[in-house]
Amino acid sequence: MTAAVLVNGSPDPVVSIHDRGLAFGDGVFRTLLVRAGRPLNWERQYRRLVHDCVALALTPPGEHALLGEIAAVAPQEAVVKITVTRGAGPRGYAIAGGETPTRVVAAHPLPDYPEALAREGVHVRWCELVLGEQPRLAGVKSLNRLESVFARSEWDDPGIREGLLCDAAGCVIGGTMSNVFIVLAGALATPELSRCGVAGAQRERIIDLARDAGVSCEVRDIGVEELGRADEVFLTNSLMGLWPVSKLDDREWTRFPVADRFRERIADDDSRAA
């Protein structure tokens, strides 16, 4: 399929060259899967979008309007990206205050992810890039993604599916495109994201599913050494779903019982929402 795009509800895909999203990355976005015309994990996706808009003092788009636009661009199966910017404004960093937000809803083909990645796990590596701390933007999926761009550019080996990132203190934050969970003695832990990083909707879902299943899930700082001795490590985002890590440096994992259970719980959660 070719991408279908609506800009502020219009099929004319034009964004002003003065748009602050283009000029400064002044905006946020969310990416989600649509299956059989239904946006998956929608409640959490929309909640995260609203949270991020509020963090940047942007007016969030209405849920009803967004759902209508998603249905228009993705009537069956697609990846949908929702982008909200502050809109066009005068030159300079200052926010004038009268900008009208720009809303872009675009559909793209599904990613070509072999099913074996979820069953057998993926190889990952450590990135050399160190994430900068900015608590004001921590957790927000803003349009400023240059750190991820440069980190992902550190390797071109197709056998490595993801790179893991740390902050200046050596705490694990996440992947270039994913959130990270570790398993120790049956309990989950995922990195604290109050200093930097992106809080994904799928991460939020895993935390909720763990609580509902009575499984401990701590949100806390995780060091490199602790991750290396974990019983399991897995990655999440809305497109991959959940991928176990099978190899990192010299450490290999061959069994993923906890990851497998949570992948099943994600599928059950999607089916109940249908």
### Query
Along the positive direction of the dipole of segment 134-212 (beta-carbon charges: Lys, Arg +1; Asp, Glu -1; about the Cα centre), which of L143, P158, A187 reaches farthest?
L143
### Relative contact order of the chain, defined on C-alpha pairs under 8 angstrom at six or more residues apart (%)
19
### Message
Is the C-alpha gyration tensor of segment 137-274 telling us rounded, prolate or oblate? Criteria: a/c under 1.5 is rounded; beyond that, a/b larger than b/c is prolate, otherwise oblate.
### Response
rounded
### Hull volume in cubic angstrom per residue (convex hull over the Cα atoms of segment 223-274)
86
### Under the Karplus curve 6.51 cos²θ - 1.76 cosθ + 1.60, θ = phi - 60°, whole-Hz ³J(HN,Hα) for segment 104-115, x wherever Gly or Pro sits
10, 10, 10, 9, 9, x, 5, x, 8, 9, x, 4
### Summary
For segment 4-108, averaging the sequence separation of alpha carbon pairs under 8 Å that lie six or more residues apart and dividing by its residue count, the contact order in percent is 39
### Task
Starting with the highest mean, order 54-63, 229-238 by the number of other Cβ atoms within 10 Å, averaged over the residues of each peptide.
229-238, 54-63
### Task
Determine the distance separating the Cα centre of segment 44-118 from the Cα centre of segment 145-176; give it in Å without decimals.
24
### Query
Over all distinct alpha-carbon pairs, what is the Kirkwood Rh of segment 4-108 in angstrom?
13.9
### Calculated P(r) tail over 35 Å for the chain, as whole % of Cα pairs
17
### Task
Quick one: among S246, S148, S16, which has the greatest mean-square fluctuation in a GNM of the chain with alpha-carbon springs under 10 angstrom?
S16
### Message
Taking the Cα centroid of segment 185-206 and of segment 233-269, what is the distance between the two, rounded to the nearest whole Å?
### Response
14
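Read-outs throughout are calculated quantities, based only on the coordinates presented, and are distinct from any laboratory measurement. What you are looking at is a predicted structure, and each value in this text was computed from that prediction instead of being measured. Note that each Cβ is placed from the backbone with ideal geometry, even for glycine, and that neighbours are counted across all protein chains shown.
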